[in-house]
Amino acid sequence: MHWSEYLLPLTEGAWVTVQLTVYSTILGGVLAFVFGIGKLSSNLAIKSVSVGYIEVFRGTSLLVQLFWLYFALPLAGMAIGIDLRLPPVVAGVLALGLNIGAYGAEVVRGAIQSVHQNQREAARALNFTPRQTLFNIVIPQAIPEMMPSFGNLAVQNLKDTALVSLISLGDLTFRAEQIRNFTQDSTTIYTLLLLMYFGMAVVLTIIMRIVERFAGRWRMAGS
Amino acid sequence: MTDAIIRFDKVVKRFGDLTVLDELDFEVKKGEKVSIIGPSGSGKSTVLRILMTLEGIDGGVVYVDGEPLWHELREGALLPAGEGHLRRMRSKLGMVFQQFNLFPHMTVMRNITEAPVKVLGLSRKDAHLRAEELLDLVGLADQAKKFPHQLSGGQQQRVGIARALAMRPSILLFDEPTSALDPELVGEVLTVIGRLAEEHDLTMLLVTHEMRFAREISDRVCFFDRGQIREEGTPEELFTDPSEDRTREFLKAILD
């Protein structure tokens, strides 16, 4: 088998990896905002749930979370009579998204807290409600602060998708393993694998840079 | 209880062990322009921050427009005010900050229209018209589309004044409005404040180190020292013939 014949199955796998990355990064982004804001809530219940979520998912291995969702959850569901079997894609996106969301929540919290107290005082003097202050004054200023960290997390997430090959999802790593088992051509396949992940990471980094610029465009006005 | 629009009745404010306001009694009449001068740490800014509800109080009662600011009268007792009461009271006041505190992610126009639209419920169009008038007043009609960081400090502070005025407060608080400015930019801000003082029946409370300016625009000047008003009077009295040694020392130090 010539190495160029590996490319088609690998590209198919890469497409699955791209989809997993996009969906789980979006899910993670949403979770990051919900729980990052939640952690700063004055409501003790909301705060506790947010802290709990962040600590559990940062404090356990992604691989174990993935196995738990895919292998343990259906059994737990069966015990109480609910069908909780998840398709591999759903389990993969959930585990990755929940994981990246927990790290992202800390980024969101930090960025919100970094907005100068001055801004909150001005908002209070103008009689904005706490909610208006958060969403109209504080968060728009915090988002550009979050973007570099979000960029790192997204690339991290892309690389972490390789783990889902372990629950039989046909991503890039899974396809590479299949071909390797068949051809024993480890050097070529793993080299291609490295290059393809790196290529995707470069594209992702460029996309995040563009988003970052867009989010902070008011900072650059006139210069 | 005359026509005082602001009244501090034995107000105490502490930061930890430090007593910033020590049973302060203080009154401002409706439409009066009052300057507060005094050494740093004497509690001048704290008076404004308490009025703007940015700092609570530890004792006494503050009245604005005859109503307690930090308390609500419930079942005959003065109880700490809830957010609803504070919101209602806050709408009577506006504040101009030392560091301007403009919203950096909004254009000048948006800075001025955001609160009237979101808080007062004005239409975008009405808020826009109001903002244009105010920008005219502060001499920045051509800067509406710029972001704060594209303006000089003096221009930013004038936007700050327009932003506070857009909420139509009856009391405007100035917290050292020119202290963060380069010397050559102080004049343009003082001109705007001076014009406001002359042309509007707004009640103005100004904390400042600009003695000449305080003398020009104020009906009354209060010298603050260690959490109390050490001496007050018309600018003439206070600046030319202060009766207290502390006032004389302070004026001598600052005017030399």
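The values are calculated or read from the model by the stated rules, or taken from the named source; none is laboratory data. The model shown is predicted, which means the values in this text are computed figures rather than measured ones. For neighbour counting, all protein chains shown are included, and Cβ atoms are generated from backbone atoms with ideal geometry for every residue, glycine included. With ligands, DNA and RNA removed, areas are computed over all heavy atoms of the protein, side chains included. Shrake-Rupley method; radii C 1.70, N 1.55, O 1.52, S 1.80 Å.
A prolate overall shape is assigned to the protein assembly as shown, the ratio a/c of its alpha-carbon gyration tensor axes (a ≥ b ≥ c) being 1.5 or greater and a/b exceeding b/c. For the pairing of chain B with chain A, what total accessible surface becomes buried, with a 1.4 angstrom probe, in square angstrom to the nearest 100? Accessible area lost upon association: around 2200 Å².
Residues whose amide H comes within less than 5 Å of that of B:Ile229, counting only those at least five positions distant or on another chain, are B:Asp25 (H built at 1.01 Å from N in the peptide plane).
Averaged over its residues, region B:8-137 has an accessible area of 42 Å² per residue, based on protein heavy atoms and a 1.4 Å probe.
Ignoring ligands, DNA and RNA, please state the percent of accessible area on region A:1-126 from carbon and sulfur, probe 1.4 Å. Mind showing how you got there, number by number?
On the way: 4590 of 6410 Å².
After summing per-atom areas, the C and S share lands at 72 percent.
Using only the alpha-carbon atoms of region B:84-225 as identical scatterers, what base-10 log of I(q)/I(0) does the Debye formula give at q = 0.14, 0.17, 0.19, 0.21 Å⁻¹? Debye intensities relative to I(0), on a log10 scale: -0.63, -0.93, -1.16, -1.38. The convex hull of the Cα atoms of chain B, projected and averaged over all directions, covers 14.7 nm². The residues of region A:131-195 expose on average 46 square angstrom of accessible surface per residue, using a 1.4 Å probe on protein heavy atoms. Roughly how many percent of the accessible protein surface of chain B is carbon and sulfur, given a 1.4 Å probe and a whole-percent answer? Summing carbon and sulfur atoms, their accessible area is 46 percent of the total for chain B.
Each part reduced to its alpha carbon centroid, region B:31-58 and region A:18-73 end up 45 Å apart. Mind telling me which of B:Glu188, B:Glu133, B:Glu83 comes out most flexible in a GNM of chain B, alpha-carbon contacts under 10 Å? Largest GNM mean-square fluctuation: B:Glu83.
I need the calculated FRET efficiency for the pair A:Glu177 and B:Ser152, taking r as the beta carbon distance and R₀ as 51 Å, to the nearest 0.05. Let's see the in-between values first.
On the way: r = 63 Å, r/R0 = 1.23.
It comes out at approximately 0.20.
For the cross-link pairs B:Lys10/B:Lys44; B:Lys30/B:Lys252; B:Lys125/B:Lys145; B:Lys29/B:Lys118; B:Lys33/B:Lys92; B:Lys10/B:Lys252, the ones whose C-alpha atoms lie over 22 Å apart are B:Lys30/B:Lys252; B:Lys29/B:Lys118; B:Lys10/B:Lys252.
Estimate the FRET efficiency between A:Asn152 and B:Lys145 by the formula 1/(1 + (r/R0)^6), using the beta-carbon distance for r and 51 Å for R0, to the nearest 0.05. Intermediate values should be presented prior to the final figure.
Values: r = 35 Å, r/R0 = 0.68.
With a Förster radius of 51 Å, E is 0.90.
Taking 0.36 nm per residue of separation and subtracting the Cα-Cα distance, what length does fully extending B:Glu216 through B:Glu199 add? Please report the intermediate quantities before stating the final value.
Working: separation 17, 0.36 × 17 = 6.12 nm, distance 1.43 nm.
That pair, B:Glu216 and B:Glu199, stretches by 4.7 nm at full extension.
Sorted from greatest to least, the principal axis extents spanned by the alpha carbons of region B:20-60 come out as 28, 22, 19 Å. Quick one: which bits of region A:136-174 get at least 30 Å² less accessible when the partner protein chains are in, versus the chain alone, with a 1.4 Å probe? Listed by number, the residues meeting the 30 Å² cut-off are A:Asn136, A:Ile137, A:Gln141.
Scanning residues 5 or more positions from B:Leu206 or on other chains, those with amide H under 5 Å from its amide H are B:Val34, B:Ser35, B:Ile36, B:Phe174, with H placed 1.01 Å from N in the peptide plane.
When only C-alpha pairs under 8 Å and at least 6 residues apart count, what is the relative contact order of chain A, in percent?
29 percent
Between region A:85-153 and region B:117-151, the alpha-carbon centres lie 29 Å apart.
Using a 10 angstrom cutoff on alpha carbons, build the Gaussian network for chain A and name the most mobile of A:Ser165, A:Ser61, A:Ser50. Among A:Ser165, A:Ser61, A:Ser50, the largest GNM mean-square fluctuation belongs to A:Ser61. Summary value for chain B: 25 percent relative contact order, contacts being C-alpha pairs under 8 angstrom separated by 6+ residues. Using only side-chain charges placed at the Cβ, +1 for Lys and Arg and -1 for Asp and Glu, the dipole size of the protein assembly as shown relative to its Cα centre rounds to 1540 debye. Note on region A:3-222: Rg/Rh from C-alpha atoms, Kirkwood Rh, equals 1.07.
Remark: region B:65-80, residue by residue, has Karplus-estimated 3J(HN,Hα) of 6, x, 10, x, 7, 9, 10, 10, 8, 10, 6, x, 10, 8, 10, x Hz, where x stands for each Gly or Pro and the curve is 6.51 cos²θ - 1.76 cosθ + 1.60 at θ = phi - 60°.
Which one, A:Ile179, A:Ile112, A:Ile54, has the greatest fluctuation when you compute a Gaussian network model over chain A with C-alpha springs under 10 angstrom? In the Gaussian network model the winner is A:Ile179. Multiplying the residue separation of B:Thr19 and B:Arg88 by 0.36 nm and subtracting their alpha-carbon distance yields 22.0 nm.
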